[in-house]
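The structure under discussion appears below in the form of structure tokens.
Read-outs: derived from the displayed coordinates by stated rules, not from any lab. Everything quoted here is computed from the prediction, not taken from an experiment. Neighbour counts are summed over all protein chains in view; Cβ atoms, including those assigned to glycine, are modelled from backbone coordinates with ideal geometry.
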Amino acid sequence: MTDWDRLLAVARADAPADLLLTGGRLVNVFTGELEPVDIAVCGERIAGVGAGYSAECTIDLGGSYVAPGLIDAHVHIESSLCLPSEFASAVVPRGVTTAVIDPHELANVVGSLGVRYMAEASRGLPMDAVVMAPSCVPATPMATAGGAITADDVRELFDQGVVHGLAEVMDFPGVIGNSPATRAKLDALPGRPADGHCPGVTGPALNAYVAAGIGSDHESVTSDEAREKLARGLFLLIREATNARNLDALLGVVTPANNRRVCFCTDDRTPVDLIEEGSIDHMVRRSIERGVEPIDAIRMATLNPSEWLGLGDLGAVAPGRLANLIVFDDLSSPAARRVYHRGREVAVDGRLTASSATLDVVPPADRCAVDAGAIDLAIPATGHVVRVIGSVADQLTTEHLELPAKVIEGCAVADPSRDLLKIVVAERHRGTGNVGLGFIQGFGLNRGAIAGTVAHDHHNLIAIGADDASIRAAIAEVVAMHGGLACMAGEEVLARLAMPVGGLMSDRPIAEVAEGYRRLVDAARGLGSPLADPFMAMSFMGLEVIPKLKLTDRGLVDVERFEPVPLFVDAA
């Protein structure tokens, strides 16, 4: 008997199922109703929903609710600072059974090799990892990345079954202007989903972005922006990341008329947030708290992303779909009590019961080609007013400030009394020696420095500090670890976390990584930073596709003009 023969035999109730869940109330995301039905599972799939089934194993759910496993519509696993197996160990017990991953972080370090590694390392886990092809590696020519992915690479990854669609297309000027390189990547995967990334894009420019073939966006930060993107046909991916918390601001946009076009995603979440707060499950509960109907909230985390991304096997409890299920007791605050992945119980009461071991895949070698001692941190004063990155709490966007420089012995220096700190981005992939220098406000360090090799999306070495000695020491500490994060006060190491896998991920258990990360954040706060997470915030200060002002290894970038600008406004 073939798999199809057996599945249909069970569906007809002519043969016993492998597993029968009885006594539950199904959250039917198709009809928006609660159904008291039995669920028959055959192998990895749901065979039948209703009455009249028998099985080798029957479990009485005692009136609990059953819903589809949750789907994270867009996430970078690398931001958990852990390998895929450890990421899964954190999110699966919370009911997340599918993650749509964009491995462009590691791809910016080692190119297509990074995509293939993340895909292989995500196989065999108690969750489904849907891999999207990074579309902008490097993000722009205004930074130096370690890898590059071309349209031919995208096509090859798809033809080999590695990727499902095209990940967030961040070069929105290239899309809008129909640049040949961007067009070639969109054309490489005709008919496949293409995720978007167009912060602040409105009006005719938004029309052009959508007309180019983009289907979604997760960068909205205001209600007006989100409404316009929905109205122009994009799926709205509401994001609740560690340093980009948009959920509360955008929930007011969601209505019964448009909620079928809304999905949830986490984008970038630290191990601390994943362990303490959660993932998509947190977004579902928070949405319900804010007045969204429970079934609507669950649908936005299940059926909606499956339909946007063409994942017909997922997102609902229905005949023929994969048996990814969560069982919970409180519809007003869903918290998974049991989790099933492809018909197998993988978590009970918040504890993973299935193996989440990484397959024997060799990770890419670390890359940290920086000579800390050779970096010249001096900024000769060629004017009196400097452009300053203004950090915005809990957002990826920044302000473009112009402030008087503090000049000592002919050089512009940090001025902690005004929260005017020095920021450094040193190229680490190719040994070019490129170093970008600038100033930043909002980090609040009154002494010391923080540094790391997580700097979206080029992932060069980035540092922010109150004095050059601390900055240099922090850079040296990160280099000595072959990648990672460090907090220094002069030569004193206050906290450190080694991340030798591409300078982005640790090979340690997520609980251990989370504890190390807590120490880093506490140390930075001890130096005066008021930010909830100074390290995550720092990691986005070099992202030259998020307005308004950012710093790369090649210098300051005015993102609104999409071009480099000098540090001194009034340079002679």
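Structure summary
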{"quantity": "Normalised alpha carbon radius of gyration of the chain [divisor 2.2 N^0.38 Å]", "calculated": "0.99"}
{"quantity": "Cα-projected label distance for GLU293 with GLU515, points at 7 Å along beta-carbon direction, nm", "calculated": "4.6 nm"}
{"quantity": "Calculated P(r) tail over 26 Å for the range 300-418, as whole % of Cα pairs", "calculated": "61 percent"}
{"quantity": "Taking all pairs of distinct alpha-carbon atoms in the range 231-280, Kirkwood radius in angstrom", "calculated": "11.8 Å"}
{"quantity": "Listed residues THR453, THR150, ALA257: farthest to the positive end of the dipole of the chain (Cβ charges)", "calculated": "ALA257"}
{"quantity": "Quotient of C-alpha Rg and 2.2 N^0.38 Å, computed over the range 399-510", "calculated": "1.08"}
{"quantity": "Global form of the range 390-441, assessed from the alpha-carbon gyration tensor, a/c cut-off 1.5", "calculated": "oblate"}
{"quantity": "Computed over the chain: relative contact order in percent, which uses C-alpha pairs under 8 Å that are six or more apart", "calculated": "15 percent"}
{"quantity": "Two-decimal log10 I(q)/I(0) for the range 204-349, as the Debye equation yields it once each C-alpha is a single scatterer, q = 0.10, 0.13, 0.19 Å⁻¹", "calculated": "-0.36, -0.61, -1.24"}
{"quantity": "Considering only the chain, percent of DSSP beta bridges that pair antiparallel, nearest 5", "calculated": "70 percent"}
{"quantity": "Anchor LYS406: lysines whose Cα lies under 16 Å away (excluding residues fewer than 8 positions away in-chain)", "calculated": "LYS422"}
{"quantity": "The range 28-160, dipole about Cα centre (Lys/Arg Cβ +1, Asp/Glu Cβ -1), debye to the nearest 20", "calculated": "180 debye"}
{"quantity": "5 angstrom amide H check on SER506, placed H, neighbours 5+ away", "calculated": "CYS82, LEU83"}
{"quantity": "Cα gyration tensor shape for the range 533-572, rounded if a/c is under 1.5, else prolate or oblate", "calculated": "prolate"}
{"quantity": "Charged-residue dipole, Cβ positions (Lys, Arg, Asp, Glu), the range 524-572 about Cα centre, Debye nearest 20", "calculated": "160 debye"}
{"quantity": "Signed unit charges on C-beta, dipole axis of the range 1-67, positive-most listed residue LEU26, SER54, LEU8", "calculated": "LEU26"}
{"quantity": "Anisotropy class of the range 65-158 from Cα gyration tensor, a/c 1.5 cut", "calculated": "prolate"}
{"quantity": "Rg/Rg_ref, the range 1-101, where Rg_ref = 2.2 N^0.38 Å and atoms are Cα", "calculated": "1.29"}
{"quantity": "Rounded to the nearest 20 debye, dipole of the chain from Cβ charges on Lys, Arg, Asp, Glu", "calculated": "320 debye"}
{"quantity": "Farthest toward positive dipole pole in the range 1-142 [+1 Lys/Arg, -1 Asp/Glu at C-beta], among VAL37, CYS136, SER89", "calculated": "CYS136"}
{"quantity": "Isotropic mean projected area of the C-alpha convex hull, the range 468-572 (nm²)", "calculated": "8.4 nm²"}
{"quantity": "Rough spin-label spacing in nm, given labels placed 7 Å along Cα→Cβ, for CYS57 and ASP349", "calculated": "1.8 nm"}
{"quantity": "Bins of 5 Å from zero: percent of alpha-carbon pairs in the range 213-260", "calculated": "5, 23, 36, 23, 10, 3"}
{"quantity": "Charge tally in the Cβ shell below 14 Å around CYS57, where Lys, Arg are +1 and Asp, Glu are -1, CYS57 excluded", "calculated": "-3"}
{"quantity": "Estimated Rh, the range 184-269: Kirkwood, alpha-carbon pairs, angstrom", "calculated": "13.2 Å"}
{"quantity": "Gained length - ASP5 relative to ARG447, 0.36 nm times residue gap less alpha-carbon distance", "calculated": "152.2 nm"}
{"quantity": "Kirkwood Rh and Cα Rg combined as Rg over Rh, evaluated for the range 143-218", "calculated": "0.97"}
